[in-house]
Amino acid sequence: MTAPGAMPKGQHPHRLGPRPLPLHLAAAASAWMSAPGGSQMLKSGSLDWRPELAAAARELKQSLQASDPKAFDLALQGEVRRRFYDFISGILAYRHHPYRRTLADPPTVWSEGSIRLLDYGPGQTSDGQTSEGLPILVVPSLINRAYIVDLSARKSLMRYLASQGLRPFLVDWGWPGKREHKFTLGDYI
């Protein structure tokens, strides 16, 4: 039993995502840090790979040549900082958002390491009948948590599929343990 206001064992006061955070940060930083190099290409009017943009490239080149280079570089640096700040603010907002998934997981019918196969069971059809239904396997991406397709009782792809008479099973990749840390895509397949 957890005291009122206390975090249940194993839960954190904030979300740990988005997953994988280092990859999100690296991709964003790479895009923003390449902006100065990209601006040099635009200043030269080099958009040759897209002939339909040739007229726009010439216009942009003329506009950039007419601007103060130092002011442009300062504005570019300011925009990169603003986007990085907005990105970090978004991550913090995500991590501190009060939503917490409260649905109990369905039964696990198979597991290996941290990977589980969840059975959303026989569905209840719209006329109230129980249906064993055609089995369907849902495999979410390795990046998202499996519950992305089962957020709440009212917003659940898995529960919807069961209500349509299917027998949905969901692969839950779980949190990688020691064994999975060295997995390649081939190992997951």
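The values are calculated or read from the model by the stated rules, or taken from the named source; none is laboratory data. Predicted model only: the values in this text are computed from it and were never measured. Cβ coordinates were reconstructed from backbone atoms using ideal geometry, including for glycine residues, and neighbour counts include every protein chain displayed. Quick note on the areas: whole protein, heavy atoms, side chains included, nothing else; ligands and nucleic acids left out. Shrake-Rupley method; radii C 1.70, N 1.55, O 1.52, S 1.80 Å.
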Amide H proximity to D150 below 5 Å, modelled H, separation 5+ or other chain, gives L157
Length gained if V138 through E59 is fully extended, taking 0.36 nm per residue and subtracting the Cα-Cα distance, is 23.5 nm
In whole percent, the fraction of accessible protein surface over region 138-189 that belongs to carbon or sulfur atoms, probe radius 1.4 Å, stands at 60 percent
Sorted by chain and then number, the residues having a modelled amide H within less than 5 Å of the amide H of R167, at least 5 places away or on another chain, are L134, I136
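For I88, I189, what's the largest-to-smallest order of accessible area, 1.4 Å probe? List each step's numbers first, then the result.
Details: I88 55, I189 165 Å².
Ranking I88, I189 by accessible area, largest first, yields I189, I88.
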Calc'd 3J(HN,Hα), region 78-87, phi into Karplus 6.51 cos²θ - 1.76 cosθ + 1.60 (θ = phi - 60°), Hz, glycine/Pro = x, comes to x, 5, 4, 4, 4, 5, 5, 4, 4, 4
Going residue by residue through region 60-77, the Karplus relation 6.51 cos²θ - 1.76 cosθ + 1.60 with θ = phi - 60° gives ³J(HN,Hα) values, rounded to whole Hz and with x marking Gly or Pro, of 5, 4, 5, 5, 5, 5, 7, 8, 6, x, 5, 5, 5, 4, 5, 5, 5, 4
Simple spin-label estimate for I189/L151, 7 Å along Cα→Cβ, in nm, reads 3.2 nm
